[in-house]
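Visitor: The structure follows.
The values are calculated or read from the model by the stated rules, or taken from the named source; none is laboratory data. Everything quoted here is computed from the prediction, not taken from an experiment. Glycine gets a Cβ as well: all are built from the backbone with ideal geometry, and neighbour counts include every protein chain shown.
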Amino acid sequence: MPSPLRLVFAGTPEFALPSLHACLASGAQVVAVYTQPDRPAGRGRQLAASPVKQAALAAGLVVEQPPTLRDADARARLAAHAPDLIVVVAYGLILPRAVLALPRLGCWNVHASLLPRWRGAAPIQRAILAGDAETGVDLMQMEAGLDTGPVLLEARTPIGAEDTGGSLHDRLAALGAQLLGEALARVQCGQALPARAQPDSGIEYAHKLDKAEARLDWHEPAVLLARKVRAFDPWPVAEALLEGERVRIWSAQAVPGAAGAAPGSVVAASAEGIEVATGDGRLRIRELQREGGRRISARDWLNARRAPAAP
């Protein structure tokens with residue numbers, strides 16, 4: 001009977017957790033888990049373990065946290081684990097050519113887009129911002145370029161009108177784990193995975209999110225502003241000035257038709273939401289958050305502003 005596949009898993013955030021569980025359920029031997037070093041987090045800025053590290057320790061796995069894989073000692077330690085395959089899911093560190101060539105089956109990457117569209121760091125949010133009708137997950141054979149390797153398996157999913165960065169993140173994480181589980185089962189049965197080269201056309205880069213992007217400009221069209229609200233939920237969360245008050249906007253929808261007022265003006269307010277004039281159409285805000293407060297409905301925000309001041 002052949003020995004089980006020796007697998008090193010490399011990942012850091014919550015997106016990688018379903019894929020780690022798929023590796024553990026596959027029958028492969030997870031000989032080590034690589035994740036980024038602990039980072040300061042929370043109000044106290046105490047060092048915190050990544051979600052992948054926490055899950056790996058709970059499963060009794062060996063955890064490695066080198067700050068880089070370009071160091072010869074770090075590469076030697078990785079080689080000592082003698083992996084047949086390295087699975088990378090949102091790891092956050094670059095794998096040098098020497099690491100990519102180390103396992104006999106190479107390195108696989110679970111990437112949350114339909115390549116070559118949205119190569120890079122933030123494919124989920126960029127797909128929503130661009131108004132894409134669908135997205136998906138690709139299992140890719142890694143090479144030296146940024147998300148340029150051939151695709152081994154692919155799964156697609158529509159982007160719904162109410163999808164947020166958070167909802168799409170969770171769906172794609174689960175979809176990626178399903179693809180990975182299928183690929184591991186096939187390889188361990190001796191099946192080859194046909195590799196499809198990415199086309200040269202349709203390449204888009206999903207640049208890393210910046211908090212400054214979340215500041216809404218009321219001169220932009222309502223359709224784009226609504227996409228930003230969805231894409232930036234749960235991070236960094238859209239924010240804007242609303243009647244002179246800085247608020248975070250958690251839920252909103254575009255309302256077609258002329259606003260009839262200067263961008264940024266509140267043109268209507270009801271239980272359905274607060275309608276703000278934009279460069280094209282109106283944005284109906286349904287859920288928002290005042291500074292230092294919690295998420296509330298538009299109705300609650302209106303009621304708070306209408307309430308008489310305390311004597």
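Visitor: Could you please find all residues in the range 211-261 being assigned to a loop (DSSP other than H, G, I, E, B) and modelled with pLDDT of 95 or more?
Guide: The answer is 216, 217, 218, 219, 220, 232, 233, 234, 235, 236, 237.
Visitor: Looking only at the range 21-63, how many residues end up being outside any helix (DSSP H, G or I) and touching a helix residue (DSSP H, G or I) at 6+ places or on another chain (Cβ under 7 Å)?
Guide: Selection size over the range 21-63: 8.
Visitor: Please work out if residue 300 is over 25 Å from the mean Cα position of the chain (by Cα), farther than 30 Å from residue 142 by Cβ, crowded, with 18+ Cβ neighbours inside 10 Å and among the acidic types (Asp, Glu).
Guide: It is false that residue 300 is over 25 Å from the mean Cα position of the chain (by Cα), farther than 30 Å from residue 142 by Cβ, crowded, with 18+ Cβ neighbours inside 10 Å and among the acidic types (Asp, Glu).
Visitor: May I pose another question? Quick test of your reading of the structure: residue 59 fulfils all but one of (1) over 19 Å from residue 90 (Cα atoms); (2) touching a strand residue (DSSP E or B) at 6+ places or on another chain (Cβ under 7 Å). Name the failing condition by number.
Guide: Unmet for residue 59, out of (1) over 19 Å from residue 90 (Cα atoms); (2) touching a strand residue (DSSP E or B) at 6+ places or on another chain (Cβ under 7 Å): (2).
Visitor: When residues of the range 28-61 are filtered for being touching a Pro at 6+ places or on another chain (Cβ under 9 Å) and modelled with pLDDT of 95 or more, how many remain?
Guide: 11
Visitor: Those residues that are β-branched (Val, Ile, Thr), within 29 Å of residue 102 (Cβ to Cβ) and not in a loop (DSSP other than H, G, I, E, B), I need them from the range 140-181; list them, please.
Guide: 151, the sole residue that qualifies.
Visitor: Looking at the range 110-139 only, could you name the residues that are part of a loop (DSSP other than H, G, I, E, B) and of a type in the set (Asp, Glu)?
Guide: Residue satisfying the conditions is 132 alone.
Visitor: Scan the range 243-266 for residues that are more than 26 Å from the chain's Cα centre (by Cα) and among the polar types (S, T, N, Q) and report the count.
Guide: Final tally of qualifying residues: 1.
Visitor: If I ask for residues that are within 22 Å of residue 187 (Cβ to Cβ) and in contact with a Leu (Cβ under 6 Å, 6 or more places away or on another chain), which ones from the range 111-140 would you list?
Guide: 112, 136, 137, 138, 139
Visitor: Is it true that some residue in the range 267-277 is outside the structural domain of residue 159 (by TED's automatic domain parsing) and under 21 Å from the mean Cα position of the chain (by Cα)?
Guide: no
Visitor: Tally up the residues in the range 238-259 that are buried (at least 18 other Cβ atoms within 10 Å of the Cβ) and either outside the structural domain of residue 285 (by TED's automatic domain parsing) or aliphatic (A, V, I, L, M) (or both), please.
Guide: Matching residues across the range 238-259 total 9.
Visitor: Going by the conditions given, is residue 144 out of contact with any Pro (no Cβ under 8 Å at 6 or more places or on another chain) and at pLDDT below 95?
Guide: It is true that residue 144 is out of contact with any Pro (no Cβ under 8 Å at 6 or more places or on another chain) and at pLDDT below 95.
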